[in-house]
Amino acid sequence: MGKRTIVPFGPQHPVLPEPIHLDLALEDETVIEAIPSIGFVHRGLEKLVEKKDFQEYTYVAERICGICSFMHGMGYCMAVENIMSLTVPDRAEFLRTIWAELSRIHSHLLWLGLLADSIGFESLFMHCWRMREQILDLFDMTTGGRVIFSVCKIGGVRKDIDEEKLKRIVDVLNNIEDELRSLTSVFLEEQSIKGRLSGVGVLSQADAFGLGAVGPMARASGIVTDTRTLGYSAYPHVKFNIITAQEGDCFARTKVRIEEIFEAISIIRQCAALIPSDTLIAEPVKGLPKGEYFARLEQPRGEVIYYVKANGTKFLDRMRVRTPTFANLPALLQTLKGSELADVPVLVLTIDPCISCTER
Amino acid sequence: MVFKMKFIKKSPWILHYDGSSCNGCDIEVLACLTPLYDIERFGAINTGNPKHADLLLITGSVNEQNISVVKQLYEQMPNPKAVVAIGVCAATGGIFKDCYNVQGGVGEVIPVDIYVPGCAARPEAIIEGVVLALNKLERRKSPRKDA
């Protein structure tokens, strides 16, 4: 046993696009304990409900995080719509699902790239991000924005996707699916990647359940959980599988996320075929919200919970978000215990951390 | 000893730090480095080490917790150096200006050379900002007095 040393990790670190700080207590090369300190990205945007009215606040909700921006806006809108008993037109629900699943593909591709970068596989990182640009082009084409596109509003959506564009989306996705298959073989069969990921950071099923892990992190440990099965938006109309793996290591988490991209592609295809042809895409908003509601939906990183309390004026009483990264942090700290120092960057990345969601 | 700083313009190394942004601008900064926009054709490389960096790209506003980190990163960079503030949050605080933990733009803490507008700033705008910052960097042959 060596002497105990503390190695600071972050807030500015090459593998971290975002600031989080971990104090790693080491004995030799082994991590004994990881103590996180957060707050670098805290803005306090939940309190902004007092200054922006409930319709304006959609823009703030979308900027909780730039990666899953659309789903944050959608979660907030769902909560307010339920308080006001607004029915969202069917076409808008399908459009929301299409954008949400496109966001999932873009987020997972981004994560795969970052993972490749963290293990020093630079060319794979470039390939993932090259593919991701095609999805961003689709966002650009349908909404005019690349990462934050403010297309969701209370009562529906702001823009329609016409037949021609739907066809283009499906074409691009067919293309991406082919490319992704060759990329999958690199991620799942390449020996050097397997060596870095297999058996690293194992989270047992009991731990994943006990520590409240959500999303791909829980699914890779064998827990069948997916908020999409609750049947919000257009999900009741489409068929999809919940991807799980049993190993609970970094490799399983990679596998789950790759499979989820294929599922997302299949969901968008079904949506494009089933989408109703009516023209209504938004219900007009009348009156002011009064009441409270919990909205739950599945983001790329896992389950997100929105709590909205309205008091009958145009300013809300309270808006609270429980984001997936926050739920996954205890599980991360558990997997860090006993890991090698060299594996820490990979471990931190495999929970797909979104610090700006976590700290808001 | 006076260096001729022309070579820096040919190969600027970039340090990226996320102040308190929403990630939107951060992933666009990273997107600049990847095949579609490929800022590497200007010789730019993303580095994690402030001591190797010529340009500091900051996204997001400053708050109580990261104010010292931003200052420290800036001070660790060797002269000559330039700072590019990316996105409207880095300029003024943007949509989060009224939040209790946002103290305003990056300009409150360190001198900023170029402000890139947008929410989120588009990669084209970021590249333009970097190129403009390089011109400033080249003119700044002697170490800055205020640094």
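Each of A:PHE149, A:LEU288, A:HIS42 was placed along the dipole of chain A (beta-carbon charges, centred on the mean Cα), and the one lying farthest toward the positive end is A:LEU288. Chain B packed on chain A takes about 3200 Å² of accessible surface away from a 1.4 Å probe, both sides summed. Separation of the stretch B:55-70 from the stretch A:254-285 is 38 Å, based on Cα centroids. Here the contact order of chain A, divided by its residue count and restricted to Cα pairs under 8 Å and six or more residues apart, works out to 25 percent. Can you work out the base-10 log of I(q)/I(0) for the protein assembly as shown at q = 0.09 1/Å, using the Debye formula on its C-alpha atoms alone? Taking Cα atoms of the protein assembly as shown as identical point scatterers yields -0.62.
Scanning residues 5 or more positions from B:SER61 or on other chains, those with amide H under 5 Å from its amide H are B:SER20, B:SER21, with H placed 1.01 Å from N in the peptide plane.
Among the cysteines of chain A, A:CYS68, A:CYS77, A:CYS128, A:CYS152, A:CYS250, A:CYS271 have no other cysteine beta carbon within less than 4.7 Å of their own. Contact residues in the stretch A:119-136 by the 50 Å² criterion (accessible area, 1.4 Å probe, full protein complex versus chain alone): A:MET126, A:TRP129, A:GLU133.
Helix A:122-143 axis versus longest C-alpha principal axis of chain A: approximately 10°, rounded to the nearest ten.
Compared with the dominant principal axis of the Cα atoms in chain A, helix A:163-189 is inclined by about 10°. The residues of the stretch A:146-176 occluded by other protein chains by 50 Å² or more of accessible area, set against the chain on its own, are A:ARG146, A:VAL147; surface from heavy atoms, 1.4 Å probe. Quick one: Debye curve from the C-alpha atoms of the stretch A:13-139, no solvent, what's log10 I(q)/I(0) at q = 0.15, 0.23 Å⁻¹? So the normalised log intensities work out to -0.95, -1.29.
Less than 5 angstrom separates the built amide H of A:GLU303 from those of A:GLY215, all sequence-distant by 5 or more or on a different chain. Within the full protein context, the accessible area of B:GLU128 is estimated at about 110 Å² for a probe radius of 1.4 Å.
Electrostatic tally near B:VAL84: other residues with Cβ closer than 12 Å to its Cβ, Lys and Arg +1, Asp and Glu -1, net -1. Here the Karplus curve 6.51 cos²θ - 1.76 cosθ + 1.60, taken at θ = phi - 60°, turns the phi angles of the stretch A:42-50 into couplings of 5, 10, x, 7, 5, 6, 5, 4, 7 Hz, with x standing for Gly and Pro. Only Cα sites of the stretch A:180-240 enter the Debye sum here, all with the same form factor; the resulting log10 I(q)/I(0) across q = 0.24 1/Å is -0.95, listed in q order. Using only alpha carbons, the stretch A:63-107 has a radius of gyration to Kirkwood radius ratio (Rg to Rh) of 1.01.
The share of accessible area on chain B that comes from carbon and sulfur is 54 percent, using a 1.4 angstrom probe. Phi angles of the stretch A:87-102 translate, via the Karplus equation with coefficients 6.51, -1.76, 1.60 and θ = phi - 60°, into HN-Hα couplings of 9, 7, x, 4, 4, 5, 4, 5, 4, 4, 4, 4, 5, 5, 6, 4 Hz per residue; Gly and Pro are given as x. What you get for chain B, charging only the Cβ of Lys and Arg (+1) and of Asp and Glu (-1), is a dipole of about 860 debye around the Cα centre.
Ligands, DNA and RNA left out, the accessible area of the stretch A:41-359 computed with a 1.4 Å probe is 50% carbon and sulfur.
Think of the protein assembly as shown as a dipole: +1 on every Lys or Arg Cβ, -1 on every Asp or Glu Cβ, centred on the Cα centre; then among A:LEU115, A:HIS72, A:PHE187, A:HIS72 lies furthest on the positive end.
Local charge for A:GLU247 was computed over the other residues whose Cβ lies under 11 Å away, with Lys and Arg +1 and Asp and Glu -1, and equals +1. Across the stretch A:290-307, rounded Karplus estimates of 3J(HN,Hα) from the backbone phi angles (6.51 cos²θ - 1.76 cosθ + 1.60, θ = phi - 60°) give 9, x, 9, 7, 9, 10, 10, 8, 9, 8, x, 8, x, 6, 10, 10, 10, 10 Hz, Gly and Pro being marked x. Report, in degrees rounded to the nearest 10, the 0 to 90 angle that the Cα long axis of helix B:24-33 makes with the longest principal axis of chain B. Result, in degrees: 20.
Net charge within 15 Å of A:ARG4 by Cβ-Cβ distance, Lys/Arg positive one each and Asp/Glu negative one each, not counting A:ARG4 itself? Could you put the intermediate results ahead of the total?
Values: positive: A:LYS3, A:LYS337; negative: A:ASP23, A:GLU27, A:ASP28, A:GLU29, A:GLU33.
Computed value for this residue: -3.
Calculated accessible area for the stretch A:41-359 comes out at 34 Å² per residue, all protein chains present (probe 1.4 Å; ligands, DNA, RNA ignored). Only one residue of A:GLN246, B:TYR37, A:ALA273 has its Cα farthest out toward the positive end of the dipole of the protein assembly as shown, where Lys and Arg carry +1 and Asp and Glu -1 on Cβ, and that residue is B:TYR37. A:VAL186 contributes an accessible area of around 40 Å² to the protein surface, as traced by a 1.4 Å probe with all chains present. Basic side chains Lys and Arg get +1 at the Cβ, acidic Asp and Glu get -1 at the Cβ, and with that the dipole of chain A about its Cα centre reaches some 1060 debye. A straight Cα-to-Cα reach below 14 Å connects A:LYS290 with the aspartates and glutamates A:ASP53, A:GLU81, A:ASP317, residues fewer than 8 places away in its own chain not being considered. Here the stretch B:83-139 is treated as a sphere whose radius is the Kirkwood value from Cα pairs; by Stokes-Einstein at 10 °C and 1.306 mPa s it diffuses with a coefficient of 136 µm²/s. For the stretch A:63-102, heavy-atom accessible area (probe 1.4 Å) falls by no less than 50 Å² from the chain alone to the full protein assembly at A:ARG63.
For chain B, the square roots of the Cα gyration tensor eigenvalues, ordered a ≥ b ≥ c, give a/c of at least 1.5 with a/b no greater than b/c, which places it in the oblate category. For the options B:ILE27, B:ILE39, B:ILE14, a Gaussian network treatment of chain B with springs between C-alpha atoms closer than 10 Å singles out B:ILE27 as fluctuating the most.
The values are calculated or read from the model by the stated rules, or taken from the named source; none is laboratory data. A quick note: this is a predicted structure, and the numbers were derived from the prediction, not measured. Here Cβ is always computed from backbone atoms with ideal geometry, including for glycine, and neighbour counts include all displayed protein chains. For the accessible areas, the whole protein counts, side chains as well, though only heavy atoms, and no ligand, DNA or RNA atoms are used. Shrake-Rupley method; radii C 1.70, N 1.55, O 1.52, S 1.80 Å.
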